Amino acid sequence: MRIIITDDYAELSQRAAEFVAQALCAKPNLVLGLATGSTPVGLYDELVRLENDGELDFSQVVTFNLDEYLGIPEDHPQSYHHFMEEHLFGRLRERPRATHIPPAQPDDPLAAAEAYEQQIRAAGGIDLQVLGIGRNGHIGFNEPGSSLASRTRPVVLRAETIRDNARFFDSPADVPRYALTMGIGTILEARRILLLASGPNKAEAVARAIEGPVTAACPASALQLHPDVIFLLDAAAAAELQQADYYRHVEQLTRELQQRHARSHGAGQSVNVVPFAGRSS
Ligand code: PGA
């Protein structure tokens with residue numbers, strides 16, 4: 001696991017955009033997994049800026065979002081379809097080649113879930129999956145208790161998730177109770193995972209995910225099983241990590257090694273092995 005502790009949300013967003021940009025430059029037809037929520041907004045702002053400036057090109061990219069509420073219209077202002085248009089897709093000069101978000105009002109949610117899995121497989125799997133984390137440790141809408149091998153499926157949201165998301169709705173009663181989400185097993189099949197966490201509300205979940213046991217009680221802890229996961233945190237979200245100083249030291253050495261490698265192999269050359277932190281590029 002690579003654990004990067006940034007000073008603040010602005011730096012976190014900047015670094016996140018660098019990882020996405022690097023992946024996109026290495027593979028123009030990237031299959032990119034996307035997340036919603038307040039955390040990735042800064043990342044999307046930066047990607048839009050780079051694309052509008054002509055530094056990034058999404059025209060060959062295929063995207064898959066993690067999840068969507070069930071039971072609200074897709075043009076509802078709080079739907080994740082709407083979120084993605086507002087924060088990313090609708091602001092690009094050229095849209096991605098294909099965008100996928102689980103449907104919000106499928107006739108048959110089980111069939112829709114299976115179709116989503118099939119679409120991911122047909123695209124060749126996800127190259128880079130962006131994730132947020134819930135205060136209860138959820139990833140996507142995989143709430144505590146989700147099987148670590150779970151696949152895309154309809155889920156029942158927990159009370160704390162409904163409360164957390166009520167800030168986006170007129171009242172808690174308006175928050176949908178159900179969602180369609182990629183499963184934890186689906187997420188773990190992404191070739192690289194980039195989890196973003198910002199603010200003190202996430203500190204406990206982040207510590208459980210990184211330093212706790214692998215357990216369905218904290219879905220994000222399943223990421224410990226992944227060979228190429230990057231936790232990109234701001235200082236507040238990292239505040240409860242016991243080994244924060246160690247992670248900072250490792251990251252500093254990792255960057256020094258990467259710079260040395262880039263100097264000797266040319267700046268465009270990717271680094272395939274990061275000895276301290278797991279696989280990287
Ligand atoms: P947030 O949500 O970015 O709005 O905090 C993250 C999540 O619940 O996955």
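The values are calculated or read from the model by the stated rules, or taken from the named source; none is laboratory data. Computed from a predicted model, the values in this text were never measured in an experiment. Methodologically, a virtual Cβ is constructed for each residue, glycine included, from the backbone with ideal geometry; neighbour enumeration extends over all protein chains shown.
For the range 146-179, which positions are assigned to a loop (DSSP other than H, G, I, E, B) and within 12 Å of the ligand (Cβ to nearest atom)? L157, R158 - these are the residues of the range 146-179 that are assigned to a loop (DSSP other than H, G, I, E, B) and within 12 Å of the ligand (Cβ to nearest atom). Does L92 satisfy the condition of being over 24 Å from I230 (Cα atoms), away from the ligand (no atom under 14 Å from the Cβ) and assigned by TED's automatic domain parsing to the domain that holds L232? Yes.
Any residue in the range 44-65 that is within 15 Å of the ligand (Cβ to nearest atom) and in contact with a Gly (Cβ under 8 Å, 6 or more places away or on another chain)? Yes. Scanning the range 119-145 for residues that are within 12 Å of the ligand (Cβ to nearest atom) and crowded, with 23+ Cβ neighbours inside 10 Å turns up V130, L131, I133, G134, G137, H138, I139, G140, F141, N142.
From the list D108, D67, D75, the one residue that fits, being in the same structural domain as R177 (by TED's automatic domain parsing), over 27 Å from D234 (Cα atoms) and in contact with a helix residue (DSSP H, G or I) (Cβ under 9 Å, 6 or more places away or on another chain), is D75. Any chance the range 174-189 includes a residue that's surrounded by fewer than 20 Cβ atoms within 10 Å (Cβ to Cβ) and touching a Ser or Thr at 6+ places or on another chain (Cβ under 8 Å)? The answer is yes, given that some residue of the range 174-189 is surrounded by fewer than 20 Cβ atoms within 10 Å (Cβ to Cβ) and touching a Ser or Thr at 6+ places or on another chain (Cβ under 8 Å).
Counting only residues that are touching a Ser or Thr at 6+ places or on another chain (Cβ under 9 Å) and either of a type in the set (D, E) or within 16 Å of the ligand (Cβ to nearest atom) (or both), the range 29-43 holds 8 of them. Within the range 180-220, the set of residues being part of a loop (DSSP other than H, G, I, E, B), away from the ligand (no atom under 14 Å from the Cβ) and touching a residue at least 40 places away in the same chain (Cβ under 8 Å) comprises G183, E189, A190, R191, V214, A216, A217.
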